[in-house]
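Asker: One structure is given below, represented as structure tokens, and several questions about it will come after.
The values are calculated or read from the model by the stated rules, or taken from the named source; none is laboratory data. Computed from a predicted model, the values in this text were never measured in an experiment. When we count neighbours, we look across all protein chains shown, and the Cβ atoms used for this are built from the backbone with ideal geometry, even at glycine. Heavy atoms of the whole protein, side chains included, go into the accessibility calculation; ligands, DNA and RNA do not. Shrake-Rupley method; radii C 1.70, N 1.55, O 1.52, S 1.80 Å.
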Amino acid sequence: QVQLVESGGGLVQAGGSLRLSCAASGRTFNSYFMGWFRQAPGKEREFVACISGSARNTYYADSVKGRFAISRDNAKNTVYLQMNSLKPEDTAVYYCAASLAWSIVATTYTYWGQGTQVTVSS
């Protein structure tokens with residue numbers, strides 16, 4: 001069982017930055033691939049980024065590539081999402097999730113946090 005708690009969301013102007021954190025419980029954190037997803041009002045949940053257990057491999061959605069960076073600190077059981085050059089279209093609830101398989105598909109992820117709201121004003 002893994003419990004995930006996101007933090008770091010908020011209101012920011014376009015062009016600004018935010019760093020999201022996701023703290024995980026459990027002693028096998030580095031066994032999990034970690035992903036960030038987001039869901040805007042009236043839209044389906046979409047993949048943002050994922051990272052392997054060792055942090056050697058990362059993958060990003062085209063919409064955030066070059067602006068967002070995913071990282072993890074296995075000693076702290078935490079995964080991060082650094083978001084730069086934010087745009088109004090980045091506004092969404094952001095979720096972190098844990099999976100035992102490398103995937104960009106939400107249904108592959110077993111454990112989910114409660115989400116944190118990110119709002120980007122124009």
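Asker: Quick check: convex hull over the Cα atoms of the range 52-114, volume per residue in Å³, rounded to an integer?
Answerer: 106
Asker: Now for a different question. For the range 1-57, what percent of Cα pairs sit more than 20 Å apart?
Answerer: Within the range 1-57, distances greater than 20 Å cover 37 percent of Cα pairs.
Asker: If I model a spin label at residue 23 and residue 55 as a point 7 Å from the Cα along the Cα→Cβ vector, what separation in nanometres do I get?
Answerer: Inter-label distance under the simple model: 1.8 nm.
Asker: Hey, another quick one. Using a 1.4 angstrom probe on the protein heavy atoms only, line up 90, 73 by accessible area, largest first.
Answerer: Descending accessible area places them as 73, 90.
Asker: Same structure, new question: How much accessible surface area, in Å² rounded to 10, belongs to the heavy atoms of residue 96 with a 1.4 Å probe?
Answerer: So the heavy atoms of residue 96 present about 0 Å² to solvent.
Asker: A follow-up question, please. Apply the Karplus parameterisation 6.51 cos²θ - 1.76 cosθ + 1.60, with θ equal to phi minus 60°, to every residue of the range 7-17 and state each ³J(HN,Hα) to the nearest whole Hz, in sequence, with x for glycine and proline.
Answerer: 8, x, x, x, 9, 9, 7, 3, x, x, 10
Asker: Report the Cα-based extents of the chain along its three principal axes, largest first, to the nearest Å.
Answerer: Its Cα atoms span 41, 27, 23 Å along the three principal axes.
Asker: Can you list residues whose amide H is under 5 Å from residue 10's amide H, if they're 5+ apart or on another chain and H is modeled 1.01 Å from N?
Answerer: Under 5 Å from the amide H of residue 10 lie the amide H atoms of 118, 119, each far enough along the sequence or on another chain.
Asker: Right, here's the next one. What list of ³J(HN,Hα) values in whole Hz, one per residue of the range 73-84 in order, does the Karplus curve 6.51 cos²θ - 1.76 cosθ + 1.60 (θ = phi - 60°) give from phi, with Gly and Pro shown as x?
Answerer: My calculation for the range 73-84 gives 10, 5, 5, 9, 6, 9, 10, 10, 9, 8, 10, 10 Hz in order.
Asker: Per residue, how large is the accessible surface of the chain? Use a 1.4 angstrom probe and give square angstrom.
Answerer: On a per-residue basis, 52 Å².
Asker: Considering only C-alpha atoms, what is the centroid distance from the range 64-81 to the range 9-54, in Å?
Answerer: First find each Cα centre; the distance between them is then 8 Å.
Asker: How large is the charge dipole for the range 2-122, taken about the Cα centre, if only the Cβ atoms of Lys, Arg (+1) and Asp, Glu (-1) carry charge, to the nearest 20 debye?
Answerer: Here the range 2-122 has a charge dipole of around 240 debye.
Asker: So which trypsin sites (Lys or Arg not before Pro) in the range 28-94 end up in coil per DSSP with only 11 or fewer other C-beta atoms within 10 Å?
Answerer: 43, 56, 65
Asker: Of the accessible area of the chain, with the probe set at 1.4 angstrom, what percent is carbon plus sulfur?
Answerer: 48
Asker: Moving on. How much accessible surface area, in Å² rounded to 10, belongs to the heavy atoms of residue 36 with a 1.4 Å probe?
Answerer: So the heavy atoms of residue 36 present about 0 Å² to solvent.
Asker: Straight distance only, please: which lysines reach the Cα of residue 87 with their own Cα at less than 21 Å, same-chain residues fewer than 8 apart left out?
Answerer: Straight-line reach from residue 87, under 21 Å: 43, 65.
Asker: Also, quick follow-up: With every protein chain in place, what's the accessible area of residue 104 (1.4 Å probe, Å², nearest 10)?
Answerer: The accessible area of residue 104 comes to roughly 80 Å².
Asker: In the range 80-109, what chymotrypsin sites (Phe, Trp or Tyr not before Pro) fall in a loop by DSSP, with at most 16 other Cβ atoms inside 10 Å?
Answerer: 102
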